[in-house]
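*Asks:* Before I ask anything, let me first share the structure, which is written out below as structure tokens.
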Amino acid sequence: MGSGVSALVGEITVTPAVVLAGDQYNAVRPGLLLPNNRWEKVDIAAVQGEIGLRRELPAGSILRKTNLMVTDGAAAEADVRSDDDVSEVGYIKALENIVAFRESWTTLLSRAQAKYGLPSLPSGIARIDWGEVAGDVALDLRGRLPGIDLLGFTTL
């Protein structure tokens, strides 16, 4: 840029799994959990401190795992995975006004490396195991209302 200033632009992709309900549930075998993959791109347009960039978790669902991918849209090649834009991830219970889970991005990467026996840290990809967060098999949001449970990011 010439002035010694650089700008980082990135996106976060959130993919939760949910349980079918109503007619969709009745169409499959009762008790069978079917994954519902939902891709969402979130623009990181500005620095957000203290888990300030927030997205709603799907109310009425059971979450087992959420995959996160951070890409750097400003890189020479479009959408290159990067660890430069997110420093922290958290689970916020807005109604109770608490952060129930908070972890640094590098710790999430280290957990993936250890869990899956990877030779090095993955770049730009992390996974939240909601069972570990909730102390159960999964995070049960079936009795929760929309907007109460949030996934937050501290961005750089």
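The values are calculated or read from the model by the stated rules, or taken from the named source; none is laboratory data. Just so it is clear, the structure is predicted and the values come from calculations on it, not from any experiment. All Cβ positions, glycine included, derive from the backbone under ideal geometry; neighbour counts span all protein chains shown.
*Asks:* Checking G117 against (1) touching an Asp or Glu at 6+ places or on another chain (Cβ under 9 Å); (2) at pLDDT 90 or above; (3) not polar (S, T, N, Q): exactly one of these is not met. Which one?
*Replies:* It is condition (1) that G117 fails.
*Asks:* Can you run down the residue pairs with Cβ atoms below 7 Å, 6 or more apart or on separate chains, where the first is in region 82-104 and modelled with pLDDT of 90 or more and the partner is surrounded by fewer than 20 Cβ atoms within 10 Å (Cβ to Cβ) and of a type in the set (K, R)?
*Replies:* Pairs found: E88/R102; G90/R102; I92/R54; A100/K93.
*Asks:* Using beta carbons and a limit of 7 Å, which pairs, at least six apart or on different chains, have the first residue in region 46-65 and within 18 Å of A138 (Cβ to Cβ) and among the small types (G, A, S) and the second one crowded, with 16+ Cβ neighbours inside 10 Å and modelled with pLDDT under 90?
*Replies:* Once the first residue is within 18 Å of A138 (Cβ to Cβ) and among the small types (G, A, S) and sits in region 46-65, its partners that are crowded, with 16+ Cβ neighbours inside 10 Å and modelled with pLDDT under 90 give S61/P16; S61/V18; S61/V19.
*Asks:* Would you please name the residue that is nearest to V14 (Cα to Cα), looking only at residues in region 108-143 that are touching a strand residue (DSSP E or B) at 6+ places or on another chain (Cβ under 9 Å) and part of a loop (DSSP other than H, G, I, E, B)?
*Replies:* G124
*Asks:* Restrict the check to region 50-66 and report whether at least one residue is in contact with a strand residue (DSSP E or B) (Cβ under 6 Å, 6 or more places away or on another chain), of a type in the set (A, V, I, L, M, F, W, C), at positive phi and at pLDDT 90 or above.
*Replies:* There is at least one residue in region 50-66 that is in contact with a strand residue (DSSP E or B) (Cβ under 6 Å, 6 or more places away or on another chain), of a type in the set (A, V, I, L, M, F, W, C), at positive phi and at pLDDT 90 or above.
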